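Here's the structure, in structure tokens; my notes come after.
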Amino acid sequence: MNIRGHGMESVTKKKLHLFSGRHNIELAQEVSDELGIGLSDANPDQFANGETHIRFDESIRGSDVFIMQSHANVGDLSLNDAVMEQLIMVDTARRASAKRITAVMPFYGYARQDRKSSGREPITARLIADMFSAAGATRLVAVDLHSGQIQGFFNGPVDHLTAAPVLVNHLKQFAEDLVVVSPDAGRVKVAERYAQTLGADLAIVHKTRSKTLKNMSEAKRVVGEVDGRNCVLIDDMIDTAGTICSAAELLVERGAKTVVAAATHAVFSGPAIDRLKNSVFERVIVTNTLPLADSERFDKLEVLSVAPLIAETIKAVFEDTSVSNIFQGQNQN
């Protein structure tokens, strides 16, 4: 008697779920619209003692799950709340049997603490990566990390996106007699890439930073020709705006015709809004990687959307196609 075994074959359709925390829901909604899918509900809530609670409405078993959160302060919720909420959402997805979990961070918290600058300091950017790995994220997506090496902190694929295509496209209107200026020596590589893409010249503001006072720096001199030229100061983020505003004043002193600021992340801490409002900048151009309240918006400010870039990346990850092709390799640094 012949007994023949039969295997079981299942042709399942991959399903994509996009969840968002409460710290940049507008951007997540834009991304879901670009993808043509609804935003899945995670029902984030706070217990009376401040602990975060998450509950997914629908089954995500075997799904490709993307969990989006900007690490930012929003209303009564802190940046630390944002990190914790995203970690809990990742853990929820893992325990609900998601096939693959990608943590999407338009702004990666603690990215500036990527090395020890003096003794007895943490490397918190690495700790964040470790926590997401422990929670169950198998992949990270981030936009314009403060330093490229953070990609190596996570033991899995990291898609490092850049807002450069969005900013460059907008900056083309200033392209006549343009100089791209790096506000400090550390940003030269990024500024150089912008200058090449825009066909512009490059200049550098050389500055000294205070060793004892945080967020304090003093601009010193300009390397490059800016007299009578249109200048664009490029940075990855504007935090307290001290560095970029003092750099702009120096450019005007050196004869710059106009000065525009362009940065991916509008962190806007403390005195930033007042400084930018009263600055010599003609315009301040940022993206929506971080949410901005109405009180943080001012006449000179222009906010561009990175939703199409994030949506295209999510689509590429879901369909297992190349992410670097979206950026023509410009996202590698």
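Brief remarks follow.
- For region 165-304, the relative contact order is 20 percent, taking Cα pairs closer than 8 Å that sit 6 or more residues apart in sequence and dividing their mean separation by the residue count.
- Neighbour-limited loop hits for GluC sites (Glu not before Pro), region 276-307 (at most 15 other Cβ within 10 Å; DSSP other than H, G, I, E, B): E282
- Those aspartates and glutamates that a straight Cα-Cα span of less than 17 Å connects to K189, excepting residues fewer than 8 apart in one chain: D144, D201, D235, D236
- What the Cβ-Cβ distance of D41 and K315 gives, at R0 = 22 Å and to the nearest 0.05, is a FRET efficiency of 0.55.
- Cα Rg, Dmax, region 92-133, angstrom units: 13.8, 42
- The Rg/Rh ratio for region 269-323, using Cα coordinates for both the radius of gyration and the Kirkwood hydrodynamic radius, is 1.18.
- Scaled radius of gyration (Cα, divided by 2.2 N^0.38 Å) that the chain gives: 1.09
- Estimated D of region 165-304 in µm² per second, where Rh is the Kirkwood radius over Cα pairs and Stokes-Einstein applies at 20 °C, 1.002 mPa s: 144 µm²/s
- Mean silhouette area of region 114-171, derived from the convex hull of its C-alpha atoms and averaged over all directions, reads 5.1 nm².
- Placed amide H near Y108: partners under 5 Å, 5+ positions off or other chain: V143
- Summing charges over all other residues whose Cβ lies under 15 Å from the Cβ of L178, with Lys and Arg as +1 and Asp and Glu as -1, gives -2.
Bear in mind that the values in this text are calculations on the coordinates, not laboratory data. Just so it is clear, the model here is predicted, and its values are computed rather than measured. Every residue, glycine among them, receives a Cβ derived from its backbone with ideal geometry; neighbour counts consider all protein chains shown.
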